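One structure is given here, and the rest of the page talks about it.
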Number of protein chains: 2
Amino acid sequence: MNPALIALDWGTTSLRAWLVAADGTVIDRVAAPLGILNVPDGDFAAAFAATVGSWRAASPNLPAVASGMIGSRQGWREAPYVACPASPAAIAGGLTQVETGDGGSMAIVPGLTCVSDGVPDVMRGEETQIAGALVSAPGSRVVVLPGTHSKWAAVADDGQVTTFTSFMTGEVFAVLCRHSILGRLMVGDATDPDAFDRGVAASAGAGTPGALLHRVFAARTLGLFERERPEALRGYLSGLLIGAEVVEGLAWRQAVARDATPLIVGDRSLAALYERALRQLGAGGQIGPADAALEGLRRIARAAGLAC
Amino acid sequence: MNPALIALDWGTTSLRAWLVAADGTVIDRVAAPLGILNVPDGDFAAAFAATVGSWRAASPNLPAVASGMIGSRQGWREAPYVACPASPAAIAGGLTQVETGDGGSMAIVPGLTCVSDGVPDVMRGEETQIAGALVSAPGSRVVVLPGTHSKWAAVADDGQVTTFTSFMTGEVFAVLCRHSILGRLMVGDATDPDAFDRGVAASAGAGTPGALLHRVFAARTLGLFERERPEALRGYLSGLLIGAEVVEGLAWRQAVARDATPLIVGDRSLAALYERALRQLGAGGQIGPADAALEGLRRIARAAGLAC
């Protein structure tokens, strides 16, 4: 089968790449811990050669397209943000080319920007996952992309991302577990599902709306008073933070008037936790396709005329 | 002048002690970085001797009383929490004695506990500052104690702490500055007052109540888009978090029905930031006495009959 495209999901900590045929068949794939912060001396051309160089050598004219933090100021070349509302075609129109040092080039997908309440917001990589996820689930909806910096995006019937909002849930969870007093009482890395549910319930509980600066302290006091086991505290905090994001996200969904069931796109285990929290909070959620990044890269490459 | 009491404010990172006369005159004082996490080999008797041993040697029967994390499970001896509502007399009744190894002893002030929304909350050290601050400003009010784990306490006319609530504001600010992506764009340690005000305004802005997981991300995007200078981002984030605490705290104040102007007790520069945020958010705040811990230790010692 003839290769038609080299597709790269090139993020902060890791790089995944696929060699795909015109019909979408994956001919070969590679993954490496060569995210932009881990590329020695910032030699991106060497990282490109080490991971997908053999594919390019075998087919010298093969187009390559990459999404993610590789297009950030700290990446290979900055691909300026495209302003919302943004269609897949507008995203394809914003591709930035970089020479790959093997006589060819690589197109970098731009991130998106929007402004809400006067404050700018950004995504980079998620726009490609959204484009890919909606191939099999089109329509007006909210796409939820859990992660270090979770995104909730409003998509119109025609596939345009009209606006979106970010939540630092994953990073706040990580720094609280690793660097705050809350981590001191925790034992183990597992997410106890019952403790997770109790955290979700607490996030939506009575009292002040939000109140997160207060509520996270419970991940200490419940441990101190032996109301949660040390092995359960991590799940409790995870539920509290994901629950807070979901409460905030659902209010945001109401404001942007997208009523369809949220489509959750991303890591399987994390998506399952979001689905669980959405269900508990009365909204429900639909888990999207696992290969959204690859599908999005193919869709954007096609829109740009890079691949058939 | 005859010494009447050795008073110690013995926290997590530092130890302050005063040699006081019966009328409150400070005869001598000492400060050392010998907080409970910094005492070599957990030899608290040696730390006691190194800092206040000469005072005890000169007056072998001199009573000593200490408040703070020294009474925690990780301290010298655990002083069990007293449940709210708790008067200064009830706190004095909960003193726990520890032998100091010089033939004498030291009384440790218990912390307080309360339950709100079914979740336990705790303080240790702040109960003493509250008792001290109210010597010169008695009455039914809310006392705000900013810090790593800020406390807002409701105090009744008779001086009882009826209930309180904690906010992890200081620690969340520290871990976000030091360990999250938000710190990467920050330059300098100063708190730009104008940026602080913009952060406070954003914390109380339109949109979802709370929404902190979203709003903190602005401390990155405003930097990315050069809407805030790198030197201003720290102040912006500080305003955002302190503003969120104040919004939550004022709602809590309404729920506990304490209408008097909040009394702010603690570190001068931090108290000034809270006063600034309270003013901006329409509530106003009164900065309490600087020596609240010492006054509280004297008051509790008197109530326990330890010092005249």
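Here are a few things to note about the model shown:
- Scanning the range A:210-229 turns up one or more residues that are facing chain B (nearest Cβ under 10 Å), touching a residue at least 40 places away in the same chain (Cβ under 8 Å), assigned to a loop (DSSP other than H, G, I, E, B) and buried (at least 24 other Cβ atoms within 10 Å of the Cβ).
- For the range B:96-107, filtering for residues that are closer than 22 Å to B:Ala58 by Cα and open to solvent by 10 Å² or more (accessible area, probe 1.4 Å) leaves 7.
- The range B:50-76, residues that are surrounded by fewer than 22 Cβ atoms within 10 Å (Cβ to Cβ), within 17 Å of B:Leu37 (Cα to Cα) and small (Gly, Ala, Ser): B:Ala50, B:Ser72
- Residue in the range B:190-200 that is at pLDDT below 90 and within 14 Å of another protein chain (Cβ to nearest Cβ) present: no
- Test: residue in the range A:148-163 that is facing chain B (nearest Cβ under 9 Å), in contact with a strand residue (DSSP E or B) (Cβ under 7 Å, 6 or more places away or on another chain) and open to solvent by 10 Å² or more (accessible area, probe 1.4 Å): yes
- Residue match in the range B:136-145 (condition: at pLDDT below 95 and part of a helix (DSSP H, G or I)): yes
- Within the range A:27-38, the set of residues being open to solvent by 50 Å² or more (accessible area, probe 1.4 Å) and aliphatic (A, V, I, L, M) comprises A:Ile27, A:Ala31, A:Leu37.
- Residues that are farther than 12 Å from B:Met123 by Cβ and open to solvent by 10 Å² or more (accessible area, probe 1.4 Å), drawn from the range B:138-147: B:Pro138, B:Gly139, B:Ser140, B:Arg141, B:Pro146
- Some residue of the range A:108-127 being within 15 Å of A:Val265 (Cα to Cα), assigned to a strand (DSSP E or B), touching a strand residue (DSSP E or B) at 6+ places or on another chain (Cβ under 9 Å) and open to solvent by less than 20 Å² (accessible area, probe 1.4 Å): yes
- Residue pairs whose Cβ atoms lie under 6 Å apart, separated by 6 or more positions or on different chains, with the first residue in the range A:280-296 and touching a residue at least 24 places away in the same chain (Cβ under 8 Å) and the second of a type in the set (S, T, N, Q), are A:Gln286/A:Thr261; A:Pro289/A:Ser136; A:Ala292/A:Gln129; A:Ala293/A:Thr128; A:Ala293/A:Gln129; A:Gly296/A:Thr128; A:Gly296/A:Gln129.
- Scanning the range A:78-95 for residues that are surrounded by fewer than 17 Cβ atoms within 10 Å (Cβ to Cβ) and either free of Cβ contacts under 8 Å to residues at least 60 places away in the same chain or more than 15 Å from A:Gln160 (Cβ to Cβ) (or both) turns up A:Glu78, A:Pro80, A:Ala83.
- Members of the range A:72-107 found to be in a strand (DSSP E or B) and of a type in the set (Asp, Glu), listed by number: A:Glu99
- Among all residues of the range B:229-238, there is none that is over 20 Å from B:Asp194 (Cα atoms) and not aromatic (Phe, Trp, Tyr).
- Any hit, the range B:281-301, residues being closer than 24 Å to A:Arg215 by Cβ, open to solvent by less than 40 Å² (accessible area, probe 1.4 Å) and assigned to a loop (DSSP other than H, G, I, E, B): yes
- Residue check for A:Val187: within 27 Å of B:Arg178 (Cβ to Cβ) and either assigned to a loop (DSSP other than H, G, I, E, B) or open to solvent by 10 Å² or more (accessible area, probe 1.4 Å) (or both): yes
- Any hit, the range A:104-112, residues being closer than 22 Å to B:Phe225 by Cβ, at pLDDT 95 or above and hydroxyl-bearing (Ser, Thr, Tyr): no
- For the range A:247-271, the set of residues classified as part of a helix (DSSP H, G or I) and more than 19 Å from A:Asp117 (Cα to Cα) consists of A:Arg268, A:Ser269, A:Leu270, A:Ala271, listed by residue number.
- Residue in the range A:269-287 that is on the phi > 0 side of the Ramachandran plot and within 16 Å of the chain's Cα centre (by Cα) present: no
- Flag for B:Ala244 being within 9 Å of chain A (Cβ to nearest Cβ), touching a residue at least 60 places away in the same chain (Cβ under 8 Å) and within 20 Å of the chain's Cα centre (by Cα): yes
- Count - residues of the range B:192-246 that are closer than 24 Å to A:Pro80 by Cβ and among the acidic types (Asp, Glu): 2
- Test result for A:Leu15, touching a helix residue (DSSP H, G or I) at 6+ places or on another chain (Cβ under 9 Å) and crowded, with 17+ Cβ neighbours inside 10 Å: yes
- Selection count, the range A:171-209, where residues are in contact with a Gly (Cβ under 6 Å, 6 or more places away or on another chain) and either free of Cβ contacts under 8 Å to residues at least 40 places away in the same chain or in the same structural domain as A:Gly93 (by TED's automatic domain parsing) (or both): 1
The values are calculated or read from the model by the stated rules, or taken from the named source; none is laboratory data. All values reported here derive from a predicted model rather than from experimental measurement. Reconstructed Cβ throughout: ideal geometry from the backbone, glycine too, with neighbour counts over all protein chains shown. Surface areas here come from the heavy atoms of the whole protein model, side chains and all, with no ligands, DNA or RNA. Shrake-Rupley method; radii C 1.70, N 1.55, O 1.52, S 1.80 Å.
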